[in-house]
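Below you'll find the structure, written out as structure tokens, and then a few comments.
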Amino acid sequence: MGKRRLLKVQDRQRLFDIPTDDDGLIRHYSLSADRLEIGLRRREHNQLGFAVQLCLMRYPGRVLATDETPPRAMLKYGGAIASATGSMFRERGSLLPAIDTIERIGLAARAIARRRAERALIEEISVDTLQSLDKLLEVDPAIGQTRFHWLRSAPDAPGASDLVGLTERIAFLRKLEIDPKLQMRISSGR
């Protein structure tokens, strides 16, 4: 008799496979403060490997198997910003600055893109709604954590108690009355 499985093949892939699409890579594998940690704690020859394992531990929540190699799209992600910056200099007929400078330009451009995305999201939101969103970052004594953390730590295992938790989170989000059309203001890459 064959092994019984809880998940179908498609469900297993959705939960445990490494994303290769742009949205998944951006959402799960953008390193910010981690870059400093990687640079300080790892030698140059193993920084990429450490960064890949760190990202995989966060999403999908596992490390690479001994016979597994990360998808090419995952390894190439991040080089795209530096590559685009270098291309811009070449198109203008300029000499390329030092690699560290290109990296700083890329980081600054990413920060500008984030600020623009934030502005596009909040420009038409009322002050009252913005204040209620700010309160998500305050510790709620009823649950002993911030509501933001509570929302992000939603359970994903099927079970009666987990469904109750998900339903509570959905009800809480609906009370915030945030227009779902807001996501259309931001490019899928952000």
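Of note:
- Across region 67-83, the number of residues qualifying as out of contact with any helix residue (DSSP H, G or I) (no Cβ under 8 Å at 6 or more places or on another chain) and at pLDDT below 75 comes to 4.
- Meets criteria (more than 20 Å from the chain's Cα centre (by Cα), at pLDDT 75 or above and under 30 Å from Asp11 (Cα atoms)) for Asp100: no
- Here Arg114 meets the list (1) loosely packed, with under 14 Cβ neighbours inside 10 Å; (2) more than 30 Å from Leu166 (Cα to Cα) almost entirely, failing just condition (2).
- Answer from Gly49, Gly78 - the residue that is surrounded by 11 or more Cβ atoms within 10 Å (Cβ to Cβ) and at positive phi: Gly78
- Looking only at residues of region 151-190 that are at pLDDT below 75 and hydroxyl-bearing (Ser, Thr, Tyr), we find that the one that is nearest to the chain's Cα centre (by Cα) is Ser188.
- Annotation: Pro60 fulfils all but one of (1) closer than 30 Å to Lys181 by Cα; (2) in a helix (DSSP H, G or I); (3) not basic (Lys, Arg); the unmet one is (2).
- The set of residues from region 85-123 being in a helix (DSSP H, G or I) and touching a Gly at 6+ places or on another chain (Cβ under 8 Å) comprises Thr85, Ile102.
- Of all residues in region 115-142, those satisfying the criterion of being in contact (Cβ under 8 Å) with a residue 40 or more places away in the chain and small (Gly, Ala, Ser) are Ala117, Ala120, Ser132.
- Meets criteria (among the hydrophobic types (A, V, I, L, M, F, W, C), in a loop (DSSP other than H, G, I, E, B) and touching a residue at least 40 places away in the same chain (Cβ under 8 Å)) for Leu31: yes
- Check on Ala120, out of contact with any helix residue (DSSP H, G or I) (no Cβ under 8 Å at 6 or more places or on another chain) and surrounded by 13 or more Cβ atoms within 10 Å (Cβ to Cβ): no
- Arg14 over 21 Å from Ala109 (Cα atoms), at pLDDT below 75 and not aliphatic (A, V, I, L, M): no
- Of all the criteria given as (1) closer than 25 Å to Pro19 by Cβ; (2) among the β-branched types (Val, Ile, Thr); (3) assigned to a helix (DSSP H, G or I), the one not satisfied by Thr66 is (3).
The values are calculated or read from the model by the stated rules, or taken from the named source; none is laboratory data. Please read these numbers as outputs of a predicted model, since none were measured by experiment. Every residue, glycine among them, receives a Cβ derived from its backbone with ideal geometry; neighbour counts consider all protein chains shown.
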